[in-house]
Every structure is written in structure tokens, then in C-alpha cells.
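This report refers to the structure that appears directly beneath it.
The values are calculated or read from the model by the stated rules, or taken from the named source; none is laboratory data. Since this is a predicted model, take the numbers as computed values, not measurements. As a convention, Cβ positions derive from the backbone with ideal geometry for all residues, glycine included, and neighbour counts pool all protein chains shown. Areas reflect the complete protein model, heavy atoms only, side chains present, ligands, DNA and RNA absent. Shrake-Rupley method; radii C 1.70, N 1.55, O 1.52, S 1.80 Å.
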Amino acid sequence: MEHPLIEVQNLSKSYHRDSLEIPVLRNITLEVAEGEFVAFMGPSGSGKTTLLNLIAGIDKPTEGTILIAGTDVTRLSETELAIWRSRNIGFIFQFYNLIPVLTAVENVELPLILTPLSKRERRAHAATALQVVGLADRMRHYPRQLSGGQEQRVAIARAIVTDPAILVADEPTGDLDKISAEEVLNLMDRLNRELNKTILMVTHDPRAAERARSVRQLDKGELA
Amino acid sequence: MELLRLLFRNALRHKLRSLLTILGVGVAVMAFALLRTVVSAWHAGVEASSANRLITRHAVSFVFPLPLAYRDRIAQVPGVENVTYATWFSGVYIDKNQFFGRLAVDSETFFEVYPEFLIPKDQFDTFKRERNACIIGVDLARRYNLKLGDIMNVEGDVYPGSWEFVVRGIYRPRDQTTDPATMMFHYKYVDERVRLEMPERSGEVGWYIVRIRDPENSAAVSEAIDRLFANSRAETKTETERAFQQNFLSSASAVITAMNIMSFLIIGIILLVVANTMIMSVRERTHEYAVLKALGFSGRHLFFLVAGESLIISILGTALGLLVTLPAVRGFQTALPKGWFPVFYIKPETIVLGCIAGFLVGLIASLIPTRRILTTRIIESLRHVG
């Protein structure tokens, strides 16, 4: 791989419980090229989500470096990380995590508040993102008025609205029925192929993993 | 703007809880303002006192009279501009619950020394001409539906017997701190009858009020007056009017201090209530704040959201509390025996203090939940089960 977008080198992560040190990731080295769609699989406790969180910059490693487009995110301060995340990472959570008191379009607009865009531009971007996920007609709906699949699509719209290079998805179909899961996976596939988004997905679902271009197995904190 | 919208919607997310908290803040602010008003009413006499007035009374106690003959000698003390006197008449008007000041005064000089009692000239002239005339405050006229020419029958206790006074003047207080419910009549009228019925008490007055030229000289003038009567049958104690009024408060100082402390304790309690509401609200939304942090929102944004929500609740509560304070103060005054607090009004400082308290409650109540959001790691918050 000539110029990988993501370079993880000798990454380790341990948690401390009282005086006990619990290793979660051991000496992980990984490269992901721009536009890849990688699925991380493995049993519970294997460290998949921890790896995803470290790459997304919402957790700090015990050892090792994570270079993303040349930036070592492990060296950034909390404030720098927050700014970096807002520009480079789109999050897709298992339970969607939409703000229940905001409409679909307002939820999608949230990350744009941190940009210098005007209110009108923000609204236009959010509407476009909702159009991409096929929910243009549900802009004014509150999360409680949407199905699980639709909520996840709104969450995806929120993840892509700032046009980040990387999408991280933690069990994006874990809370969905088969049909909704299929819709969400189709959408992620489109984002990857048509918009060249680099997608890192943690999943237990083999059918979801099949949609990725590559699958990496983790076991006891190590990449197989 | 979206954050502002989110802030407002968050504040109203649990309508019942927010409403109860707002009501709680409202009741607390009202109680705070009411207590402050009572404390202020207690201090009204002190606040109404003038810097250029001294009070000369018997050195042993206020209840012992002074000879009328002292008046001319006091008037000759350097620095003294005018001297008048008054006597506490007491007595019962209608029944013992009708309390207001009844003073026998020197009609020639008393109102010169107390320009804060505003009396129409024609009424004052009539008052001076009639021996059993009296002047009453507008509050008394309103309270007992008295008009000029009406008779007030007072049953004397300090000065026994039935006393009849004719209302010849109704004064308006110049300042908000001036007592609008005092009755004043001629000392001469009282003393003439005393001379006949209790001659040993004739020619005695309750206290002297001394107007001085320069308030800076109050200590020297006081000392000079008291020196005049040292080693006499009735030694004097002269002090500023403010100090004299404060002596009256000293007996109630423990109660006033307790009320002062209570008023601030109430604010402390409501701070805990609002803080509790905010902690509960923020804990329920741990996931949402974690998502906002993951999206790149900074501590400043999160503080704005939490403090803003807390401030909305406390400011609405404060506004409600101050709004109901006015009728509450009126109701409180009505419920009290007549004349307990002749000067009873909400001071602007009380409103300002209430607003400051409401703002600080909102701000301080948001500190703990904000700190919790900021110090909890995103991944821990995302794992949190609310």
C-alpha cells in the first residue's frame, strides 16, 4: 500500500481496574487505504470497538501511534482532537444516538454548527445529506416518529454531512431488522463506492461483513 | 442558533419536572424577597433618620422624662440650629390592636425639624390654632377612613383619661422611608391637663430632637449637651438619630439576624434543588452529550447547553417569584396587626438581590453536571445506561 490513509503502528491499549491491568489491544499494526471498506469481526471482548474508538480519536492508546492522513492523532490534545474529529470522522452508532428533541434535519445540521457555514447553507447541506440517505420527505420528523432503519439513515446523514474522509460504524445494523439492516448496508456500500468514503465497521453480523471489501479478525486484542 | 433551540427544548423536555423546579425557585425567591422586606421594614426607622438630627434622652432610659426647661439650654449649645421635643403618648384608639405612633409634639418647631412630613399650609395653620387638633399620616386616614374635621377618641394609659382630638391635618411622607402612619398633636394640650390632674408630671417631655448645623460635629455637640446636664437630677444621653433608632432594633437584633440568615438559607436550599434537577437531566442525557463531544463540540458548547438550561429554569422561577412577591407582601402586611410595620414596601435592592440570586443559582447549579460531562470520557458516557 503506497499511501495508506490510516496507519496504525504497534498499538496497545490496557484498562486499569483497581490495581489490575487488563490488556485489550496488543501490538496492533494496520494500514487502511483511502476508499477502503473494512469490517472488523471477532468475539465479544476481542477489542474491535476499542480499536475503532482509538482510530476515531475518542479514546487514547496506552502505546503506539495512529497516523491518519499524516496526522498522529495520539499526540493531539483533547481540544485539537475535538476539532480534528469534527473535520475528519463521521460516527455511526449501533443505537443511532439522535437527539430526540431535534427533528431529522436539525440532527443532521448539528455537526455543521461547528463550521463557518451560514444558517441557510447549513440547512441546504443537511437537506442534501438527507436526500442522499433517501429521507428528504422526513426532514421535519422527530426521531420518535421514525422507524429504527430510518433513524439509522438519519444518523448516517449526520455522519456524512461534513464530508469527512472516514466513517466509523460500530454495529450499525445491530439494532435493526433484516430489511432495515439491508437498506443501511446498501447505503454504506453506496457511500463507499460513489463518494469514496473510507469506512471502518465493527460487526458481529457475517452478512454485514460480506458487504465490506476486506474483513479483519480480532481475537484477544490481536489482529489475526 | 441550533444550540439555543436545543437548550430551550432540553429545558422543557420533562415539563412536569421543569415546572415543579420553576415553582420551587419561584416560592423560594418570593420567601427571600418577603424576608428581606420584613428586615428592611424593621430598619425603616434607621434609614429614615437624618444625619443632622440628634436625639437627647434621659441617660438611664428612654422611658424616663426630661424637664422641659432643658430646651433653652440645649438651644444655646454651639452648633445647634433648632431644638424640638416629643412625648410618647401611647393610649388606645378603638382597641389595643390598633397600633400606631401617637406623639405629643411642640407644634411650633417639630415640623421644622421634620420636613419629611408634608402638610398643606392651610391645614397646618388650622392645626396650630386649635388646641386639641391633630395631624395624621395618609395611611392612618386611609386605614380608619378619617377626614379633616373627624374626631379621634383616644383612651389614655400613660396619660390616663379620655382624650378627644380633631383631625386638622393629613400629612404625606416625603420619602418612602418616612412613617406614613403617625398621629401628632399639641404637647401644650396634653400638658395643660396633666398640670391639673397630675401636677407632678407637668413640664416633662419624652426626648429632644436637636437639629445641628454640621453633621460632622455630631459627636462634639452631643458631648457638649450631655456635659450641660452632668450630675443633674436628669442626666442626658445624646446620640445621632440613627444610633437612637438602632437602639430600638437591638432588642430584636437576634430575630433580624435569624431572618437575614434564613433568607440566604432559602436561596441555598433552592440552589440544591436546581442542582439536583440539572444533575438528573444531564445524567439522563449522558449519551447525547457524549455524541456531541464525539462530533467535536467543545467544553464551551456543553457548558453553554447545561448552564443555559439551568439559567432558563432559575430565571423563569425568579421572574415568577418576584411577580408574586408584590401581592404576597401586601397580603403579609394585611395579615399583620395594624401598624406593626408602617413602612413596608419592596425595596429596589431586594428586587436586584432576588435577580442576582436567581442568576447565581442557575449558574452554580450547572457547575457540577457540566464538570461531570467534561471529565467523563466519551467512551464511558457512550456505555452509560441512563
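Enter the Cα centre distance for the pair the stretch B:290-321 and the stretch A:1-53, rounded to the nearest angstrom.
Between the Cα centre of the stretch B:290-321 and that of the stretch A:1-53, the gap is 35 Å.
Given the whole protein assembly as supplied and a 1.4 Å probe, what does the accessible area of A:TRP84 come to in Å², nearest 10?
For A:TRP84, solvent-accessible area is about 20 Å².
Looking at chain B as a GNM with Cα springs under 10 Å, which of B:MET198, B:MET278, B:MET30 has the largest mean-square fluctuation?
Result for chain B, Cα springs under 10 Å: B:MET198 fluctuates most.
Can you send over the carbon and sulfur percentage of the accessible area for chain B, probe radius 1.4 Å, protein chains only? Present the calculation step by step, with values, prior to reporting the outcome.
On the way: 11150 of 18260 Å².
C and S atoms contribute 61 percent here.
Could you tell me what a quarter of the Cα convex hull surface of the stretch B:259-331 works out to, in nm² with one decimal place?
Working: hull surface 24.5 nm².
For the Cα atoms of the stretch B:259-331, the hull's average projected area reads 6.1 nm².
Over the stretch B:60-234, what is the relative contact order in percent, taking alpha-carbon pairs closer than 8 angstrom and at least six residues apart?
34
If the cut-off is 19 Å between C-alpha atoms, which lysines fall inside it for A:LYS13, apart from same-chain ones fewer than 8 positions away?
Candidates past the 8-residue exclusion: A:LYS48, A:LYS60, A:LYS220.
Quick one: Karplus J couplings for the stretch A:55-70, per residue in order, coefficients 6.51, -1.76, 1.60, θ = phi - 60°, nearest Hz, x for Gly and Pro?
Taking θ as phi minus 60°, the curve returns 5, 6, x, 10, 8, 10, x, 7, 9, x, 10, 10, 9, 10, 6, x Hz for the stretch A:55-70.
Suppose every K and R has +1 on its Cβ and every D and E has -1 on its Cβ; what is the size of the dipole of the stretch A:141-194 about the Cα centre, in Debye to the nearest 20?
Numbers: 6 positive and 10 negative charges, 36 e Å.
Dipole of the stretch A:141-194, to the nearest 20 debye: 180 debye.
Taking amide H positions as placed in the peptide plane 1.01 Å from N, state which residues far from B:VAL205 in sequence (5 or more) or on other chains have amide H under 5 Å from it.
Those lying under 5 Å, H to H, from B:VAL205 are B:LEU66, B:LEU68.
Mind checking the dipole of the stretch A:6-223: about its Cα centre, +1 per Lys or Arg Cβ, -1 per Asp or Glu Cβ, Debye to the nearest 20? Numbers along the way, then the final one.
Working: 26 positive and 29 negative charges, 111 e Å.
Using only the charged Cβ atoms, the result is roughly 540 debye.
In terms of modelled amide H atoms, which long-range or inter-chain residues lie less than 5 Å from the amide H of B:PHE99?
The answer is B:LYS338.
Please say if chain B is rounded, prolate or oblate, where rounded means a/c under 1.5 for a ≥ b ≥ c the square roots of the C-alpha gyration tensor eigenvalues, and otherwise the choice is prolate for a/b larger than b/c and oblate otherwise? Kindly include the intermediate steps, with their values, before the conclusion.
Values: a/c = 3.69, a/b = 2.63, b/c = 1.40.
It comes out prolate by the Cα gyration axes.
Assign unit charges at the C-beta atoms only (+1 for Lys and Arg, -1 for Asp and Glu), then state the dipole size of the stretch B:66-107 relative to its Cα centre in Debye, rounded to the nearest 20.
Numbers: 4 positive and 4 negative charges, 25 e Å.
Taking the Cα centre of the stretch B:66-107 as origin, the dipole is about 120 debye.
Between A:ASN27, A:GLY45, A:LEU146, whose Cα lies farthest towards the positive end of the dipole of the protein assembly as shown when Lys and Arg beta carbons carry +1 and Asp and Glu beta carbons carry -1, centred on the Cα centre?
The Cα lying farthest towards the positive end belongs to A:LEU146.
Report the Stokes-Einstein translational diffusion coefficient (µm² s⁻¹, integer) for the stretch B:60-234, Rh taken as the Kirkwood radius over Cα pairs, at 10 °C with viscosity 1.306 mPa s.
On the way: Rh = 17.2 Å.
So the translational diffusion coefficient is about 93 µm²/s.
In a Debye calculation with equal point scatterers on the alpha-carbon sites of the stretch A:6-46 and no solvent, what is log10 I(q)/I(0) at q = 0.18, 0.26 Å⁻¹?
The Debye formula, applied to the Cα set alone, gives -0.67, -1.00.
Normalising by the residue count of chain A, find the relative contact order in percent from Cα pairs under 8 Å and 6+ residues apart. Can you show the working numbers first?
On the way: 438 pairs, mean separation 66.7, N = 224.
With pairs under 8 Å counted, the relative contact order is 30 percent.
Counting only heavy atoms of the protein chains, get the accessible area per residue of the stretch A:1-53 (1.4 Å probe) and round it to a whole Å² value. Walk me through the numbers on the way to the answer.
Details: 2700 Å² over 53 residues.
Here the per-residue accessible area is 51 Å².
Run through the DSSP bridge list for chain B and note the antiparallel percent, rounded to the nearest 5. Mind showing how you got there, number by number?
On the way: 34 of 44 bridges.
Percentage antiparallel, nearest 5: 75.
I need to check one value: relative contact order of chain B, counting alpha carbon pairs closer than 8 Å and at least 6 residues apart, in percent.
Details: 643 pairs, mean separation 116.6, N = 386.
After rounding, I find 30 percent.
Could you point to the residue in B:ILE373, B:ALA133, B:TRP340 farthest towards the positive end of chain B's charge dipole, with +1 and -1 charges on the Cβ of Lys/Arg and Asp/Glu respectively?
Ranked along the dipole, the leading option is B:ILE373.
Protein chains only, probe 1.4 Å: how do B:CYS134, B:CYS355 rank by accessible area, largest first?
If we order B:CYS134, B:CYS355 from most to least accessible, we get B:CYS355, B:CYS134.
GNM on chain B, C-alpha springs below 10 Å: top fluctuator among B:GLU130, B:GLU288, B:GLU239?
Among B:GLU130, B:GLU288, B:GLU239, the largest mean-square fluctuation in the Gaussian network model of chain B belongs to B:GLU288.
Tabulate in residue order the Karplus-calculated ³J(HN,Hα) for the stretch A:121-133, using 6.51 cos²θ - 1.76 cosθ + 1.60 with θ = phi - 60°, rounded to whole Hz; enter x for Gly and Pro.
5, 4, 5, 5, 4, 5, 5, 5, 4, 5, 5, 4, 8
Output the Cα-based Rg and Dmax of the stretch A:102-220 in Å, rounding Rg to one decimal and Dmax to a whole number.
14.6, 49
Any chance you could check the Cα centroid distance between the stretch B:98-166 and the stretch B:203-229 for me, in angstrom?
26
Looking at chain A as a GNM with Cα springs under 10 Å, which of A:TYR142, A:TYR15, A:TYR96 has the largest mean-square fluctuation?
With Cα springs under 10 Å in chain A, the top fluctuation among A:TYR142, A:TYR15, A:TYR96 is at A:TYR15.
How big is D for the protein assembly as shown, in µm² s⁻¹ as a whole number, if Stokes-Einstein is applied with the Kirkwood radius of its Cα pairs at 4 °C and 1.567 mPa s? Mind showing how you got there, number by number?
Details: Rh = 30.8 Å.
So the translational diffusion coefficient is about 42 µm²/s.
Which is farthest toward the positive dipole end of the protein assembly as shown among B:ILE212, B:VAL46, A:THR79, measuring Cα position about the Cα centre, with Cβ charges +1 (Lys, Arg) and -1 (Asp, Glu)?
B:VAL46
Calculate one ³J(HN,Hα) per residue across the stretch B:101-111 by plugging θ = phi - 60° into the Karplus curve 6.51 cos²θ - 1.76 cosθ + 1.60, and present them in order as whole Hz with x for glycine and proline.
The phi angles translate into x, 10, 10, 8, 10, 7, 5, 6, 10, 4, 7 Hz.
Per residue, how big is the convex hull of the stretch A:6-223 when only Cα atoms are used? Give it in Å³. All intermediate terms of the calculation are to be shown ahead of the outcome.
On the way: hull volume 27.9 nm³, N = 218.
Measuring per residue, one finds 128 Å³ for the Cα hull of the stretch A:6-223.
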